[in-house]
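Colleague: Here's a structure for you.
The values are calculated or read from the model by the stated rules, or taken from the named source; none is laboratory data. Because the structure is a prediction, the values reported are computed rather than measured. Reconstructed Cβ throughout: ideal geometry from the backbone, glycine too, with neighbour counts over all protein chains shown.
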Amino acid sequence: MTQRLSARFDQCRTERRAALVTFVTAGDPDHTTSLSIVKALPDAGADIIELGMPFTDPMADGPAIQASGLRALKSGETLVKTLALVREFRQQDRTTPIILMGYYNPIYIHGVERFLEEAKTSGVDGLIVVDLPPEEDEELCQPALKAGLAFVRLATPTTDDKRLPKVLGNTSGFVYYVSITGITGAATPDFGAVAAAVSRIKRHTPLPVAVGFGVKTPEHAAAIAEAADAVVIGSSLVEAVRTSLDAQGHATPGTVGAVVNLVRALAQGVASVRKAA
Amino acid sequence: MSVVTKPNSFRSGPDERGRFGLFGGRFVAETLMPLVLDLERAYADAKADPSFRAEMDSFLKHYVGRPSPLYFAERLTAHCGGAKIYLKREELNHTGSHKVNNVLGQILLARRMGKTRIIAETGAGQHGVATATLCARFGLKCVVYMGAVDVERQKPNVTRMHMLGAEVVPVQSGSRTLKDALNEALRDWVTNVTDTFYCIGTVAGPHPYPMMVRDFQCVIGEEVREQLWEAEGRLPDSLIACIGGGSNAMGLFHPFLDEPEVAIYGIEAAGHGISTGLHAASLTGGRPGVLHGNRTYLLMNGDGQIDEAHSISAGLDYPGIGPEHAWLHEAGRVTYLSATDEEALDAFQLLSRLEGIIPALEPAHALARVIEMAPELPREHLMIVNLSGRGDKDVPQVAEILEKRRS
């Protein structure tokens, strides 16, 4: 059911490196530019694309991703357009997994069944929905699994051993370990603690473990790649979008390149760590 | 087939998943989930512990000044020429509103849980002031998130919070009002998970907050029942209260939900008017969605993006409502109406002049509907209005508006 995802993790394992997961927001800074960014990500070294579905009230996100979402909403991005973006991307790339990440309300309002069907046919591989813990699994997680989409769950430093099985229960594709207690793009994680947490999670699941939140530079990426199966970078990519914009907040000829260059550097950071076979 | 089955009791919710019918729940990030479960356990323990109740009762009496009077508003009644109007004087509580009832409960609970840092969101500043006050009383660190727009329009309360030793953080994100203050408080909580207790000010948020805040506010309705029995020897005929998130209303309503002869009215803020789209009436003008940890009625666009609410009253300026209200609305037990900015301003002035009580702009919305309903009702009809807060905080803002009108 998550064939593109498992194939990609297998490939990275064969290449004895961690996977690079890149987060950008659909529609940031505008729909056309964000489509160009997403299309350029695989060649720049992204193994998996996490595509943010903008929401007015992203309560787990820091200032960088909040601002990115607001830019996207201001430019007219909607859930329907985000699914269209995935469809268009799929015309040129049939192998790079795409995970949609966001909050529940826009999906709920679109209609869960309709959303899942459209996501599946558009070429989405999985979902991360921040405000749906296992306690609310029947809302979206169970229908998503039934529809053949991966439901990637966040595990956090507050998820203790007693709770982990509950969190991992319906998780599929991979596990996303949030390296800090906090919002996206905040504090830099304690790399030692992250390694311990990843091995703790691995005792409970055979799924690959990705690590994100607060990972900003190629050096951070390399440090995380030592311990994790995948490294997630988000805030610094949407910051690269922001700093490339003109005074009116519009895309410039340098916008796509700014993201691509950073992804290249991050991919090198990740690939610099040779993992055990 | 009926969509909403009539329950045996309207007072038995929520279920073990924190649901009132379709509404409520625990829609929070995983980082917060263990904290929310901890809180649920700690609250259940406290509720079962007679010493917790005794400690609360003692502080409610000696520190808050309860019971608050149930006052027969003789001149307002004469002015309306119909129903006999009683005001539940929550504005006489220490800190000037009903908010302190809930904050006291949560702060005592935070102490039991060994938490040392308290965070809160505030709109009008009444919940922020109550939180800052009890944190001062118990020597706890206090951080209050307040939308930058609200910091501007409710300056007296910002000054009070500072004097009480709280840190007030003006929130610049989004619409810079109450909903954004809530987002920012949640972001703080997700970051400071070990020492911090999030003291939510209304009957909203993830379970167990809607239930717990309701329980702490029920003292309002329980006192009304006793006081009216003493004064009139019977139950009220109608209850009426304003609603932002809905905690003062729930506190008054809940003890009477299973008395079918008591009519109950909740008044939302209609801002410039429902038809203008610039309002804060989630039940009248919104639909079910998920935000801030619960499913409830919300103001939003067709893409599920949350709309900004509009109200003259910072305390009602929120695009959602407590989930139990959403359920009572659909079950038809409570009738939800609304009042505009203009109507609230008129009622604000009327009560000030007739009764010598300057109400907060929030309960002025309830008074606006009282003035309209009371004349149509018989003289033996007993109507209870929750006067949830006093208007001192609103005096500069109202003075400015009236000044502009005159010029």
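Colleague: Count, please, the residues in the range A:50-63 that happen to be buried (at least 23 other Cβ atoms within 10 Å of the Cβ) and either assigned to a helix (DSSP H, G or I) or within 16 Å of the chain's Cα centre (by Cα) (or both).
Modeller: Here the count works out to 9.
Colleague: Looking only at helices (runs of 4 or more DSSP H) that lie completely in the range B:23-105, which have at least 3 residues being touching a strand residue (DSSP E or B) at 6+ places or on another chain (Cβ under 9 Å) and either crowded, with 23+ Cβ neighbours inside 10 Å or of a type in the set (A, V, I, L, M, F, W, C) (or both)? Quick ask: steps written out before the conclusion?
Modeller: Working: elements: B:33-47, B:50-59, B:74-80.
Counting at least 3 such residues, we get B:33-47.
Colleague: Could you please find all residues in the range B:18-40 being within 23 Å of the chain's Cα centre (by Cα), more than 7 Å from chain A (Cβ to nearest Cβ) and of a type outside the set (Val, Ile, Thr)? Even if it seems obvious, please write down each step before you answer.
Modeller: Filtering the range B:18-40 down to residues within 23 Å of the chain's Cα centre (by Cα) leaves B:18-28, B:36, B:39-40.
Retained after the next criterion (residues that are more than 7 Å from chain A (Cβ to nearest Cβ)): B:18-24, B:36, B:39-40.
Listed by number, the residues that qualify are B:18, B:19, B:20, B:21, B:22, B:23, B:24, B:39, B:40.
Colleague: Before we move on, is residue A:158 touching a residue at least 24 places away in the same chain (Cβ under 8 Å), in contact with a helix residue (DSSP H, G or I) (Cβ under 6 Å, 6 or more places away or on another chain) and of a type in the set (Ser, Thr, Tyr)?
Modeller: On the way: touching a residue at least 24 places away in the same chain (Cβ under 8 Å): no; in contact with a helix residue (DSSP H, G or I) (Cβ under 6 Å, 6 or more places away or on another chain): yes; of a type in the set (Ser, Thr, Tyr): yes.
No; evaluated as a whole, the condition is false for this residue.
Colleague: For the subset of the range A:189-211 comprising residues that are at pLDDT 95 or above and in a loop (DSSP other than H, G, I, E, B), which member is surrounded by the fewest Cβ atoms within 10 Å (Cβ to Cβ)?
Modeller: The extreme case among them is A:206.
Colleague: Continuing with the same structure: Considering only residues of the range B:162-182 that are part of a helix (DSSP H, G or I) and surrounded by fewer than 24 Cβ atoms within 10 Å (Cβ to Cβ), which is nearest to the other protein chains (Cβ to nearest Cβ)? Outline the logic, then answer.
Modeller: We begin by selecting, within the range B:162-182, every residue part of a helix (DSSP H, G or I); these are B:162-163, B:178-182.
From what's left, surrounded by fewer than 24 Cβ atoms within 10 Å (Cβ to Cβ): B:162-163.
Working: B:162: 25, B:163: 30 Å.
Here the answer is B:162.
Colleague: Considering only residues of the range B:273-295 that are within 14 Å of another protein chain (Cβ to nearest Cβ) and of a type in the set (Gly, Ala, Ser), which is surrounded by the most Cβ atoms within 10 Å (Cβ to Cβ)? Show your work before the answer.
Modeller: If we filter the range B:273-295 for residues that are within 14 Å of another protein chain (Cβ to nearest Cβ), which is where we start, we get B:282, B:286-295.
Among the residues that remain, those that are also of a type in the set (Gly, Ala, Ser) are: B:282, B:286, B:289, B:293.
Numbers: B:282: 32, B:286: 23, B:289: 22, B:293: 27.
Looking at the filtered set, the residue picked out is B:282.
Colleague: A further question follows. Whether any residue in the range B:336-345 is aliphatic (A, V, I, L, M), closer than 19 Å to residue B:98 by Cβ and buried (at least 24 other Cβ atoms within 10 Å of the Cβ) is what I want to check.
Modeller: Initially, the range B:336-345 is screened for residues aliphatic (A, V, I, L, M), giving B:337, B:339, B:344-345.
Next, only the ones that are closer than 19 Å to residue B:98 by Cβ stay: B:339, B:344.
Applying the additional criterion that residues be buried (at least 24 other Cβ atoms within 10 Å of the Cβ) yields B:339, B:344.
Looking through the range B:336-345, at least one residue is aliphatic (A, V, I, L, M), closer than 19 Å to residue B:98 by Cβ and buried (at least 24 other Cβ atoms within 10 Å of the Cβ).
Colleague: Here are the criteria: (1) more than 16 Å from the chain's Cα centre (by Cα); (2) within 13 Å of chain B (Cβ to nearest Cβ); (3) among the β-branched types (Val, Ile, Thr). Tell me which single one residue A:32 does not satisfy.
Modeller: Checking residue A:32 against (1) more than 16 Å from the chain's Cα centre (by Cα); (2) within 13 Å of chain B (Cβ to nearest Cβ); (3) among the β-branched types (Val, Ile, Thr), the one that fails is (2).
Colleague: While we're here: I'd like the full set of residues that are assigned to a loop (DSSP other than H, G, I, E, B) and within 23 Å of residue A:101 (Cβ to Cβ), limited to the range A:250-277.
Modeller: Taking the range A:250-277 first, the residues assigned to a loop (DSSP other than H, G, I, E, B) are A:250-254, A:272-277.
Scanning the range A:250-277 gives a single hit, A:251.
Colleague: Here's a follow-up. Considering every residue within the range A:68-76, establish whether at least one is buried (at least 20 other Cβ atoms within 10 Å of the Cβ), touching a residue at least 24 places away in the same chain (Cβ under 8 Å) and over 24 Å from residue A:214 (Cα atoms). Before the answer, list the steps.
Modeller: Residues of the range A:68-76 buried (at least 20 other Cβ atoms within 10 Å of the Cβ): A:68-69, A:71-72, A:75.
Narrowing further to those that are touching a residue at least 24 places away in the same chain (Cβ under 8 Å): A:68-69, A:71-72, A:75.
Add one more test, that the residue is over 24 Å from residue A:214 (Cα atoms), and what stays is A:75.
Looking for residues that are buried (at least 20 other Cβ atoms within 10 Å of the Cβ), touching a residue at least 24 places away in the same chain (Cβ under 8 Å) and over 24 Å from residue A:214 (Cα atoms), one finds at least one in the range A:68-76, hence yes.
Colleague: Evaluate the following for residue B:165: is it in contact with a helix residue (DSSP H, G or I) (Cβ under 8 Å, 6 or more places away or on another chain), on the phi > 0 side of the Ramachandran plot and in the same structural domain as residue B:351 (by TED's automatic domain parsing)?
Modeller: No, not satisfied.
Colleague: Of everything in the range A:1-43, what is closer than 18 Å to residue A:210 by Cβ and touching a Lys or Arg at 6+ places or on another chain (Cβ under 7 Å)? Give them in sequence order.
Modeller: A:16, A:17, A:18, A:19
Colleague: Can you go through B:59, B:52 and tell me which one is more than 14 Å from chain A (Cβ to nearest Cβ), closer than 26 Å to residue B:226 by Cα and touching a residue at least 60 places away in the same chain (Cβ under 8 Å)?
Modeller: Details: B:59 fails: touching a residue at least 60 places away in the same chain (Cβ under 8 Å).
Result of the check over B:59, B:52: B:52.
Colleague: Just to verify a result, which residue in the range B:279-321, among those that are more than 19 Å from the chain's Cα centre (by Cα) and of a type in the set (A, V, I, L, M), is farthest from residue A:130 (Cα to Cα)?
Modeller: B:300
Colleague: Of the residues A:86, A:38, which single one is at pLDDT 95 or above, more than 14 Å from chain B (Cβ to nearest Cβ) and under 30 Å from residue B:299 (Cα atoms)? Working first, answer last.
Modeller: Details: A:38 fails: under 30 Å from residue B:299 (Cα atoms).
Being at pLDDT 95 or above, more than 14 Å from chain B (Cβ to nearest Cβ) and under 30 Å from residue B:299 (Cα atoms) holds for just one of A:86, A:38, which is A:86.
Colleague: Here's a follow-up. For the range B:150-157, state whether one or more residues are under 24 Å from residue B:110 (Cα atoms) and either in the same structural domain as residue B:311 (by TED's automatic domain parsing) or part of a helix (DSSP H, G or I) (or both). Walk me through it before giving the result.
Modeller: Residues of the range B:150-157 under 24 Å from residue B:110 (Cα atoms): B:157.
The next check asks that each one be either in the same structural domain as residue B:311 (by TED's automatic domain parsing) or part of a helix (DSSP H, G or I) (or both); those that pass are B:157.
There is at least one residue in the range B:150-157 that is under 24 Å from residue B:110 (Cα atoms) and either in the same structural domain as residue B:311 (by TED's automatic domain parsing) or part of a helix (DSSP H, G or I) (or both).
To keep it simple, each residue is scored yes or no on (1) in contact (Cβ under 8 Å) with a residue 40 or more places away in the chain; (2) crowded, with 20+ Cβ neighbours inside 10 Å.
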| site | (1), (2) |
| --- | --- |
| A:87 | no, no |
| A:99 | yes, yes |
| A:103 | yes, yes |
| A:122 | no, no |
| A:128 | yes, yes |
| A:133 | no, yes |
| A:138 | no, no |
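Colleague: Where residues in the range B:312-331 are away from chain A (no Cβ under 14 Å) and modelled with pLDDT under 95, which of them is farthest from residue B:256 (Cα to Cα)?
Modeller: Among residues in the range B:312-331 that are away from chain A (no Cβ under 14 Å) and modelled with pLDDT under 95, the one farthest from residue B:256 (Cα to Cα) is B:312.
Colleague: So, in the range A:161-188, of the ones that are more than 7 Å from chain B (Cβ to nearest Cβ) and among the charged types (D, E, K, R), which residue ends up surrounded by the fewest Cβ atoms within 10 Å (Cβ to Cβ)?
Modeller: A:162
Colleague: Turning to a different aspect of this structure: Could you tell me which numbered condition residue A:103 fails, if it satisfies all but one of (1) under 24 Å from residue A:144 (Cβ atoms); (2) within 14 Å of chain B (Cβ to nearest Cβ); (3) modelled with pLDDT under 95?
Modeller: Among (1) under 24 Å from residue A:144 (Cβ atoms); (2) within 14 Å of chain B (Cβ to nearest Cβ); (3) modelled with pLDDT under 95, the lone unmet condition for residue A:103 is (3).
Colleague: What number of residues within the range B:268-310 satisfy the criterion of being among the small types (Gly, Ala, Ser) and in contact (Cβ under 8 Å) with a residue 60 or more places away in the chain? Can you show your working first?
Modeller: Kept after step one, since they are among the small types (Gly, Ala, Ser), are these residues of the range B:268-310: B:269-271, B:273, B:275, B:277, B:280-282, B:285-286, B:289, B:293, B:302, B:304, B:309.
Restricting the remaining residues to those that are in contact (Cβ under 8 Å) with a residue 60 or more places away in the chain gives B:269-271, B:273, B:293, B:309.
Summing the residues that are among the small types (Gly, Ala, Ser) and in contact (Cβ under 8 Å) with a residue 60 or more places away in the chain in the range B:268-310 gives 6.
Colleague: Considering only residues that are within 14 Å of chain A (Cβ to nearest Cβ) and of a type in the set (Ser, Thr, Tyr), look in the range B:185-235 and name the one that is surrounded by the fewest Cβ atoms within 10 Å (Cβ to Cβ). Even if it seems obvious, please write down each step before you answer.
Modeller: In the first step, residues of the range B:185-235 are kept if they are within 14 Å of chain A (Cβ to nearest Cβ); the result is B:185-196, B:198, B:200, B:204-208.
Subset that is of a type in the set (Ser, Thr, Tyr): B:191, B:194, B:196, B:198.
Details: B:191: 16, B:194: 11, B:196: 21, B:198: 26.
Step by step, filter the range B:185-235, then rank; the result is B:194.
Colleague: Please go through the range A:49-74 and give me each residue that is touching a Leu at 6+ places or on another chain (Cβ under 7 Å) and more than 14 Å from chain B (Cβ to nearest Cβ), ordered by number.
Modeller: Passing the criteria: A:49, A:51.
Colleague: When only residues in the range A:144-160 that are charged (D, E, K, R) and within 11 Å of chain B (Cβ to nearest Cβ) count, which is nearest to residue A:103 (Cα to Cα)? Spell out the reasoning first.
Modeller: Applying the first criterion (charged (D, E, K, R)) to the range A:144-160 yields A:146, A:153, A:160.
If we keep only those that are within 11 Å of chain B (Cβ to nearest Cβ) as well, we get A:153, A:160.
Details: A:153: 13, A:160: 24 Å.
Only one residue tops the list, namely A:153.
Colleague: Taking the range B:113-125 only, how many residues are touching a strand residue (DSSP E or B) at 6+ places or on another chain (Cβ under 9 Å) and at pLDDT 95 or above? Break it down into steps so the answer makes sense when it comes.
Modeller: Filtering the range B:113-125 down to residues touching a strand residue (DSSP E or B) at 6+ places or on another chain (Cβ under 9 Å) leaves B:113, B:115-125.
Of the ones still in play, those that are also at pLDDT 95 or above are B:113, B:115-122.
Looking only at that region, the number is 9.
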